[in-house]
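A.B. asks: Sharing a structure here in structure tokens format.
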Amino acid sequence: MKNFFIGSVVCLLLIGCAINVSPSAFFYQDVERKPVDTTKLHAAIQKDKASAGITRVEVRNTHGLMLRGVAVSYPEPIVNVVFFPDNRMSISENNSVIHRLGKLPANLLWLDYQGVGASDKSLKLSINEIKQDALTQFDYVKSTFDSNLPIVVHGRGIGSYFASYVAANRQIDALVLDGAFNNISDLIANMIPGFSNSLTNMKLHDEVHSMQIAPILRHYEGPLWLVVGDKDKITPYPISQQLLENAASSQKYITVVPGATHNATLKSEYALSEYRRFLSRLSQ
């Protein structure tokens, strides 16, 4: 996510002109569609001598685009997880993440965002359409997965906004925000070293400007867990702490993962043990 956006705006920073942050300038899109590749997932499962059912999934969104991804089921699952990844995080390149979450154990659905990885691409990228896709993904899990299990909506990085949007528009059992941000202006400032508003006038498109999590959490009363790495410089701990304070939930928790950077929280066994502890509270 970081390298993509820096490449788009570094020349503007150097000359000090305005940055117009449109959805297409901020939200990564692949040049061409690629089939889902689960090689890394299979390798992670085999390494642990584990077992899991892997199903390739196609879900048509409200505009007729096909969203593609995987549904993965682990033995004796305790939760259904709807996963929304970070920017520039396709399933084919990152699906070992699924195995880490699967070890909760869980059933998990991950669909590539439109224009990313295996999913169809719209002629004009719209954040509002991706928000609707998030609801479509949740509804698929609600209607297809084991209805006796709680549904946790998990957002990673940029995905933390789409997860929060689902929480605001659907009845969910719990919300997990992993490396969450609050607003796009602060996120961009953290991604670009030396960024200065005195040199550059940032103009956010309305759809990009609306990507704020705190206003949603002020009305979200369900169980909430925030997890952040103590080495995260893109979405550092104070952001998650402020989001926690803003949240209306009476069941809200935060975990800081020692030594973890922005992209590494789920690599930690400590984070997974904390995840299980959070899930155990859902039945209390």
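A.B. asks: Dipole magnitude of the stretch 119-218 about its Cα centre, charges +1 at Lys/Arg Cβ and -1 at Asp/Glu Cβ only, in debye to the nearest 20? Mind showing how you got there, number by number?
C.D. replies: Working: 8 positive and 10 negative charges, 35 e Å.
That gives a dipole near 160 debye.
A.B. asks: Report the extension gain between Glu76 and Ser210 in nm, rounded to one decimal, defined as 0.36 nm multiplied by the number of residues separating them, less their alpha carbon distance.
C.D. replies: So the extension gain works out to 44.3 nm.
A.B. asks: With a 10 Å Cβ neighbour count serving as the proxy for reagent exposure, in which order, fewest first, do Arg156, Arg277 appear?
C.D. replies: The fewest-first ordering by Cβ neighbours comes to Arg277, Arg156.
A.B. asks: Something else now. For Lys49, give me every one of the lysines with a C-alpha distance below 27 angstrom, ignoring sequence neighbours fewer than eight places off in its own chain.
C.D. replies: Reachable lysines: Lys40, Lys103, Lys267.
A.B. asks: Separate question: Take each uninterrupted DSSP H stretch in the chain, measure its Cα extent along the helix axis, and return the ones at 18 Å or beyond whose mean Kyte-Doolittle hydropathy is at least -0.5.
C.D. replies: Result, helices passing both filters: 2-15.
A.B. asks: Moving on to the next point. Taking 25 Å as R0, compute the FRET efficiency from the Cβ-Cβ separation of Glu221 and Leu135 and round it to 0.05. Show your work: numbers first, answer last.
C.D. replies: Numbers: r = 19 Å, r/R0 = 0.77.
The pair Glu221/Leu135 has a calculated efficiency of 0.85.
A.B. asks: Once both labels are modelled 7 Å past Cα along the beta-carbon direction, what's the Ser273-Asn169 spacing in nm?
C.D. replies: Result: 3.9 nm between the two label points.
A.B. asks: Within 10 Å, count the other beta carbons around each residue, average over each peptide in 32-39, 219-226, 113-120, and list them highest first.
C.D. replies: Taking the mean over residues of other Cβ atoms within 10 Å, the ranking is 113-120, 219-226, 32-39.
A.B. asks: Starting from 0.36 nm per residue, how many nanometres of slack lie between Asn20 and Ala43 once their C-alpha separation is accounted for?
C.D. replies: Computed gain between Asn20 and Ala43 is 4.1 nm.
A.B. asks: With the Cα gyration tensor of the stretch 216-284 giving a ≥ b ≥ c as the square roots of its eigenvalues, does the rule (a/c under 1.5 for rounded; else a/b larger than b/c for prolate; else oblate) give rounded, prolate or oblate?
C.D. replies: Oblate.
A.B. asks: 222 nm [θ] for the chain, helices only, -39500 (n - 2.57) per DSSP H run of 4+, per residue, to 500?
C.D. replies: -10500 deg cm²/dmol
A.B. asks: Is the C-alpha gyration tensor of the stretch 171-260 telling us rounded, prolate or oblate? Criteria: a/c under 1.5 is rounded; beyond that, a/b larger than b/c is prolate, otherwise oblate.
C.D. replies: Cα axes put the stretch 171-260 in the oblate bin.
A.B. asks: Full extension from Lys142 to Ala264: what is 0.36 nm times the residue separation minus their Cα-Cα distance, to one decimal in nm?
C.D. replies: Result: 41.1 nm gained on full extension.
A.B. asks: What is the magnitude of the charge dipole of the chain about its Cα centre, with +1 placed on the Cβ of each Lys and Arg, -1 on the Cβ of each Asp and Glu, and no other charges, expressed in debye to the nearest 20? List each step's numbers first, then the result.
C.D. replies: Values: 27 positive and 25 negative charges, 66 e Å.
Around 320 debye, computed over the chain.
A.B. asks: In nm, to one decimal, how far is the Gln241 label point from the Asn128 one, both placed 7 Å along Cα→Cβ?
C.D. replies: 3.8
A.B. asks: Which one, Pro215, His154, Pro238, projects farthest toward the positive side of the charge dipole computed for the stretch 144-260 from Cβ point charges (K/R +1, D/E -1)?
C.D. replies: Result: Pro238.
A.B. asks: Within the set of other residues whose C-beta is less than 12 Å from the C-beta of Lys121, count the net charge using Lys and Arg as +1 and Asp and Glu as -1.
C.D. replies: Local charge sum for Lys121: -1.
A.B. asks: Enter the Cα centre distance for the pair the stretch 218-284 and the stretch 139-181, rounded to the nearest angstrom.
C.D. replies: So the two Cα centres are separated by 14 Å.
Bear in mind that the values in this text are calculations on the coordinates, not laboratory data. Treat the numbers as computed from the prediction; the structure is a model and nothing was measured. FYI the Cβ positions are ideal-geometry reconstructions off the backbone, even for glycines, and counts take in every protein chain you see.
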